[in-house]
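The values are calculated or read from the model by the stated rules, or taken from the named source; none is laboratory data. Since the structure is predicted, the reported quantities are computational estimates derived from the model, not experimental observations. Please note: Cβ atoms are built from the backbone with ideal geometry, for glycine as well, and neighbour counts cover all protein chains shown. Ligands, DNA and RNA are stripped out before the accessible areas are found, and what is left, the full protein with its side chains, is counted by its heavy atoms. Shrake-Rupley method; radii C 1.70, N 1.55, O 1.52, S 1.80 Å.
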Amino acid sequence: MDINDIIAKLHKLDEQSRELDIPEFERRQMMQEVQSFTDSFLSALPEQKVYSEKKPTSLAVSGTKHSIGSLLELYQKEVVETGIKAASGNFMGYIPGGGIYAAAMADFIAAVTNPYASVYYASPGAATVENEVINWLKTVFEFPEDAVGSLLSGGSISNLVALTAARDAHQIKNEKIKNSAVYLSEQVHHSLQKALRIIGLEDIKLRYVPMDSHHRLNAVVLAEMVEQDVQNGIYPFLLVGTAGTTDTGAVDPLNDLADIAQKHKMWFHVDAAYGGFFILGSRKHLFKGINRADSLIVDPHKGMFLPYGAGAVLIKDKASVLHSHYYTAHYMQDAVADELIQSPANISPELTKHFRGLRVWLPLQLHGIEPFKACLEEKLLLTEYFRIKLKELGFSVGPSPDLSVSYFWYPFEEDADTKNRQLMDIMHAKGDVYLSSSVIDNRFVIRIAILAFRTKKESVDRAIEMIASSLESIRV
Ligand SMILES: *Cc1c(COP(=O)(O)O)cnc(C)c1O
């Protein structure tokens, strides 16, 4: 092409490609539409059904232009109005999320400014925000200053990174894999078994330790199991404790587990994805020993009520983390290692990533920590309130939970499982409040998980009313 052709062509392309850089006036107009959309979403939220069985039908990417208004309309119909409204206070299934507004603003700012948070040199400010969030988490869980950590997409990836560090610290490879054992309870989150498979430890021995009547891992039996394995020449590699089990809200006896791990020089991993932030309040005593873990994960998108997409991992053994994620690291001097860990990319499988630090940092700095603590305490009390009310209605309830997940069933004289399942189906069809079910001790049970920041006494009362009226319709 001759230079004039190139210039003419560039001119034409410029006109088209410029559309991606929306001018200020249009930006304001569009943002106004977006803002009024999200405002209506929020104001309608408390009274709306929290669950719909409707499925989306017209979300295929067309490659052609649409107005923001028509796209918001489509989003409303096909995304907002299908499935579970996880932003609602009436969502009490699985482990509720949230979506505090300050974090949404932070995401917006992070996306518009788009700093490269992964490498200190590229954005010392953004990398420092990430690192300061990790430092704050270290103080929350009383981890040493020289521990390292990463902000990841969630608990599953955080577990994966922690177990990778454990594997490398203990050099679990080749023949050693099938002669090593991992100790865990049946209540561990399945992302741990999944992580073991992903990191090549599928053939490791999984030792499921029995639990006590509160679904906490039984440390006495654990100690015996480990001794037995050691006698049989099995290498005790990893012990997993859970601080807040997903199904039953139990906190394992972490300090006892830490003793056993220490005695046998095992890697002690604590999964605090759901329960971790309850350490900030009245249940702190349950977390005794958590600071003795070699690695720990916690999900700000659960207990800090952030929008989905924020997990965190803390790991004490810097060298093993650098070994997995920065391969020449163990030949480096400490000073160099200190510089290395300023860049999030060196301690994470991710290089380029969303600047997640801001969505944790900004809400904490904007609100201070107190409203977060109050919100968590409120959830604990609401759980107690709910259990008392359900017992009054004649329901059987599971053991009193350590945190804010509890389960219950109606003691029908016959076909209890079938009828409780029916009860669950009726509640899902009503959709006023969303609860989920599980099978615990071979019994079909209905779970309530109270963690959404918008869940208030009114939402719990609404759940109780829905449960009562659903029960009536079965009895009739
Ligand atoms: C939710 C949860 C996970 C998985 O976290 P994601 O953020 O969903 O990937 C792991 N462990 C526990 C205990 C959890 O509650």
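Once the C-beta distance of residue 78 and residue 342 is scaled by a Förster radius of 56 Å, the resulting FRET efficiency is 0.85 to the nearest 0.05.
In the chain, the DSSP beta bridges split such that about 55 percent are antiparallel, to the nearest 5.
Between the stretch 400-432 and the stretch 169-243, the C-alpha centres lie 32 angstrom from each other. Computed from the C-beta positions of residue 475 and residue 12, the FRET efficiency with R₀ = 60 Å rounds to 0.25. Backbone phi angles across the stretch 150-163, fed through the Karplus curve with coefficients 6.51, -1.76 and 1.60 (θ = phi - 60°), yield HN-Hα couplings of 9, 9, 10, 6, x, x, 5, 5, 5, 4, 4, 5, 5, 5 Hz in residue order; Gly and Pro are listed as x. With a threshold of 29 Å on the Cα-Cα distance, the over-threshold entries among 9/353; 9/65; 65/302; 49/353; 77/302; 316/456 are 9/353; 65/302; 49/353; 316/456. The eigenvalues of the Cα gyration tensor, multiplied by 5 and square-rooted, give the stretch 269-320 an equivalent ellipsoid with semi-axes of 19, 17, 6 Å from largest to smallest.
Computed with every protein chain present, the accessible area of residue 13 is close to 90 Å² [probe 1.4 Å]. Applying 1/(1 + (r/R0)^6) with R0 = 25 Å to the Cβ-Cβ distance of residue 319 and residue 198, what FRET efficiency is obtained, to the nearest 0.05? So, using R0 = 25 Å, E works out to roughly 0.70.
Spacing of the modelled spin labels on residue 171 and residue 374, each 7 Å from Cα toward Cβ, amounts to 5.5 nm. Apply the a/c threshold of 1.5 to the C-alpha gyration tensor of the stretch 434-473 and tell me whether it is rounded, prolate or oblate. In terms of gyration-tensor shape, oblate.
The residues of the stretch 392-436 have, on average, 42 Å² of accessible surface per residue, using a 1.4 Å probe with all protein chains present. Accessible surface of the stretch 399-476, 1.4 Å probe: 44 percent of it comes from carbon and sulfur atoms. In the complete set of protein chains, residue-level accessible area for residue 435 is approximately 0 Å², probe 1.4 angstrom.
Ranked by solvent-accessible area (1.4 Å probe, protein heavy atoms only, all chains present), the residues 361, 136, 267 order from largest to smallest as 361, 136, 267.
From the square roots a ≥ b ≥ c of the eigenvalues of the alpha-carbon gyration tensor of the chain, which class results: rounded (a/c under 1.5), prolate (a/b over b/c), or oblate? Oblate shape, in that a/c is at least 1.5 and b/c is the bigger or equal ratio. Given the stretch 183-306, what percent of its DSSP beta bridges are antiparallel, to the nearest 5? Here the share of antiparallel DSSP bridges comes out near 15 percent. Once all protein chains are placed together, residue 317 keeps about 50 Å² accessible to a 1.4 angstrom probe.
Counted by Cβ distance under 11 Å from residue 107, the other residues give a net charge of +2, where Lys and Arg count +1 and Asp and Glu count -1.
For the stretch 400-476, the Kirkwood hydrodynamic radius from C-alpha pairs, put into Stokes-Einstein at 37 °C and a viscosity of 0.692 mPa s, yields a diffusion coefficient of 251 µm² per second.
Counting charges near residue 345 (Lys, Arg +1; Asp, Glu -1) among other residues having Cβ under 12 Å from its Cβ returns a value of -1. Extension gain for residue 461-residue 71 works out to 136.8 nm (0.36 nm per residue, less the C-alpha to C-alpha distance). Report summary: the helix-based calculation at 222 nm, which adds -39500 (n - 2.57) for every DSSP H run with n ≥ 4 and divides by the residues of the chain, gives -14000 deg cm²/dmol. For residue 18, what is the net charge nearby, where nearby means another residue's Cβ is under 15 Å from its Cβ and Lys, Arg count +1, Asp, Glu -1? Around residue 18, the charge tally is -2.
Ordered by 1.4 Å accessible area with all protein chains kept, 269, 190 run largest first as 190, 269. For the stretch 5-101, with all protein chains in place and a probe radius of 1.4 Å, 59% of the accessible heavy-atom surface sits on carbon or sulfur.
Probing with 1.4 Å while keeping every protein chain in the model, the per residue accessible area of the stretch 130-233 equals 45 Å². The share of C-alpha pairs in the stretch 337-439 whose separation exceeds 20 Å stands at 63 percent. Of the two radii for the stretch 147-271, the radius of gyration is 0.94 times the Kirkwood radius, both from the alpha carbons; that is the Rg over Rh value.
Shape call for the stretch 4-153 from the C-alpha gyration tensor, a ≥ b ≥ c root eigenvalues: rounded (a/c under 1.5), prolate (a/b greater than b/c) or oblate? Because a/c hits 1.5 or more and a/b fails to exceed b/c, the stretch 4-153 counts as oblate. The listed residues 259, 415, 168, once ranked by accessible area (1.4 Å probe) with the largest placed first, stand as 415, 259, 168. Extending 7 Å from Cα along the Cβ direction at residue 220 and again at residue 284 yields two label points whose distance is 3.0 nm.
Listed by chain and number, the aspartates and glutamates whose alpha-carbon sits under 12 Å from that of residue 263, ignoring those within fewer than 8 places in the same chain, are 227.
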